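Report on the following structure.
The values are calculated or read from the model by the stated rules, or taken from the named source; none is laboratory data. Please read these numbers as outputs of a predicted model, since none were measured by experiment. Heads up, the Cβs are rebuilt from the backbone with ideal geometry, glycines too, and the neighbour counts pull from every protein chain shown.
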Amino acid sequence: MEQSTHLGIVDDLQVLTYGEPGQRTFNLTANSERGTAIVWLEKEQLYNIAFSLGNALEQMNPDEEITSRTLPDIPSDSEGDVDFKAARIAMQYDAGRKVFLFAAAGVSLEQIESGEEDPDPIILQFGFSHQQAVFVARRGMEIVAAGRPICPYCHIAINQGEDHVCERRNGHNIDLSAAILDQLQDNED
């Protein structure tokens, strides 16, 4: 049975990460008077949220205020706390209310860990302010950038302390252009 939760406009919105690069987990935590939601994300999902918000914010007036603390069509029995891994995420900006809208669908961590064949979906919706969007965009990009470096050739994360064998460079892990420049400078001397 589907669980649908509507938090309304959230009072607090945080972007968190746990663990060391290469072993990190990411989440978006939202709190309102209706409850708390922890949405576990993949790094790419966090990047897409931060990037999309950053692009939207560049085209907006930063002084816009929320005109309504409620969102339409919120059933009264949909309050509560949820903790789940997002499979799908959608965001949009409601210009009439001057608020960002967030929706995610996924499955609880307990159902994932137990290996249930037909888990019950969880659907979450909430709104957040312009200032919260600025925070999520900035913090999300900081968190993503603090991870493992990405190989510029094959776009695979490079683990710290390990030699990276890049398929696009035929397994070579030295920068050939730098090696050629070094050799040319040695020949000039």
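Would you say A146 is within 30 Å of Y93 (Cβ to Cβ), exposed (fewer than 11 other Cβ atoms within 10 Å of the Cβ) and either modelled with pLDDT under 70 or of a type in the set (G, A, S) (or both)?
Working: within 30 Å of Y93 (Cβ to Cβ): yes; exposed (fewer than 11 other Cβ atoms within 10 Å of the Cβ): yes; either modelled with pLDDT under 70 or of a type in the set (G, A, S) (or both): yes.
Spelling it out, A146 is indeed within 30 Å of Y93 (Cβ to Cβ), exposed (fewer than 11 other Cβ atoms within 10 Å of the Cβ) and either modelled with pLDDT under 70 or of a type in the set (G, A, S) (or both).
Going through V165, V134 one at a time, which residue ends up being farther than 20 Å from E20 by Cα and not assigned by TED's automatic domain parsing to the domain that holds M91? I'd like the intermediate steps shown before the answer.
Working: V134 fails: not assigned by TED's automatic domain parsing to the domain that holds M91.
Within the list V165, V134, the selection yields V165.
Take the conditions surrounded by 16 or more Cβ atoms within 10 Å (Cβ to Cβ), within 30 Å of G161 (Cβ to Cβ) and modelled with pLDDT under 95 and apply them to Y47. Does it pass? Steps first, answer last, please.
Working: surrounded by 16 or more Cβ atoms within 10 Å (Cβ to Cβ): yes; within 30 Å of G161 (Cβ to Cβ): yes; modelled with pLDDT under 95: yes.
For Y47, the condition - surrounded by 16 or more Cβ atoms within 10 Å (Cβ to Cβ), within 30 Å of G161 (Cβ to Cβ) and modelled with pLDDT under 95 - is met.
Within the range 116-135, track down each residue that is surrounded by fewer than 23 Cβ atoms within 10 Å (Cβ to Cβ) and of a type outside the set (D, E).
The initial filter retains those residues of the range 116-135 that are surrounded by fewer than 23 Cβ atoms within 10 Å (Cβ to Cβ), namely 116-121, 123, 125, 129-132, 134-135.
Across the range 116-135, the qualifying residues are P119, P121, I123, Q125, S129, H130, Q131, Q132, V134, F135.
List pairs: first in the range 147-160 and within 19 Å of F26 (Cβ to Cβ), second in a loop (DSSP other than H, G, I, E, B) and of a type in the set (G, A, S), Cβ under 6 Å, 6+ apart or cross-chain?
R148/G22; N159/G22
Which members of the range 95-134 meet the condition of being touching a Leu at 6+ places or on another chain (Cβ under 7 Å) and either modelled with pLDDT under 90 or outside any strand (DSSP E or B) (or both)?
Q132, A133, V134
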